[in-house]
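Here is the structure we will look at, set down as C-alpha cells.
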C-alpha cells in the first residue's frame, strides 16, 4: 500500500510539473503576441554580414525561434540586467556578488543547470517585487544600451536577419523576463519575444511567476502554442539554441540549429544531423578542464568591482 501511495504521489507531481510548463508556455505565447504588436516594424540593424542558407522567401508559414543566453547574446541577459539595476541602486553590493557568481557559473559550465536557473530567477523576483512594471521597462531600455548591445553575437544576428529578409517572423525564446526579452527583440528588429512571465497586479510586480520559468519543456510548450496561434507549420520553422536543455524546442521544428553548443547538445546535434554554428573563439569554446579556482576568481573579481564602484559613489 505504501508503495502504491508513493507511486500515486510521484505521478501527481509529474502531472503538476507538466501543467506548470504548459501554463508558462501559454502565458509566454500570449505575452509575445501582445508585445509583437507594439514592436511593429521597428528599425533593424542590417550592418552585419548575412548567412542566409535555407529561409525560403515569402514562406509566411515558417518562422524562426532563437534562444537568447549564449545563443544571441554572450552570457546571461538576467545578469546584465542585474548589473544595470545595481547601478541604479535597486539592491546592495552582496546581491551583485551573488549575480557575479551566477554569471561565472553560467560561463564556466557552458550549459544551463535547472536548479541554478531557478536560483537566478528567485534572485530577480525578490529584487523586482513591489516595483512598477513600466518603471523597469524604461530602465531596461537604458540597461540594454549600457550592458547588452555590444554582447550580441554578429553571426547569430546575421542568421536572424536572413529570416527577416525572407519575410519570416523571428522570436526570442528565453527564460529571461519577457519585458527584458521584448526590449532586446525590439532593438534587434525582431518580431517579438517569448519569456518568463512575472505576475503583476495593478502594474506592480508581486514577486511570483505565472506558471514557471520558461525553461526546458516550457519553451517547447510556448513555441507550440505560438505556432498554433500564428498558423505556423513547425516542420518549416527553424530553432536555434546553445543548450541541451532546449532539445525539446529544437526537436519541434524542421530546421534545428545548435549555436555555440554545450557538449551534450553538440553530441546530440551530430547524432541527429542538425546544423552547427560556433561563433566563439577557440579559447571560449573550450569548456573542459577549466580549474575550479577560475570560478572563485570570477566571483572575487565581481565582488571587488562592486566594492570599488560603491567606494567611488561615497
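The values are calculated or read from the model by the stated rules, or taken from the named source; none is laboratory data. This structure is a prediction, so every number in the text was calculated from the model and none was measured. Methodologically, a virtual Cβ is constructed for each residue, glycine included, from the backbone with ideal geometry; neighbour enumeration extends over all protein chains shown.
Worth a mention:
- When region 236-277 is filtered for residues that are in contact with a strand residue (DSSP E or B) (Cβ under 6 Å, 6 or more places away or on another chain) and exposed (fewer than 14 other Cβ atoms within 10 Å of the Cβ), only 276 remains.
- Considering the conditions (1) over 17 Å from the mean Cα position of the chain (by Cα); (2) crowded, with 18+ Cβ neighbours inside 10 Å; (3) closer than 28 Å to residue 89 by Cα, residue 181 is excluded by exactly one of them, (1).
- Test: residue 227 is touching a strand residue (DSSP E or B) at 6+ places or on another chain (Cβ under 8 Å), surrounded by fewer than 24 Cβ atoms within 10 Å (Cβ to Cβ) and either modelled with pLDDT under 95 or within 16 Å of residue 193 (Cβ to Cβ) (or both): yes
- Only a single item in (1) modelled with pLDDT of 90 or more; (2) touching a helix residue (DSSP H, G or I) at 6+ places or on another chain (Cβ under 8 Å) is not met by residue 107, and it is number (1).
- In region 35-59, of all residues being over 18 Å from residue 156 (Cα atoms), more than 18 Å from the chain's Cα centre (by Cα) and surrounded by 14 or more Cβ atoms within 10 Å (Cβ to Cβ), the one that is modelled with the lowest pLDDT corresponds to 39.
- Every pair of residues 6+ apart whose Cβ atoms lie under 7 Å, when the first sits in region 130-141 and is outside any helix (DSSP H, G or I) while the second is surrounded by fewer than 13 Cβ atoms within 10 Å (Cβ to Cβ): 132/203
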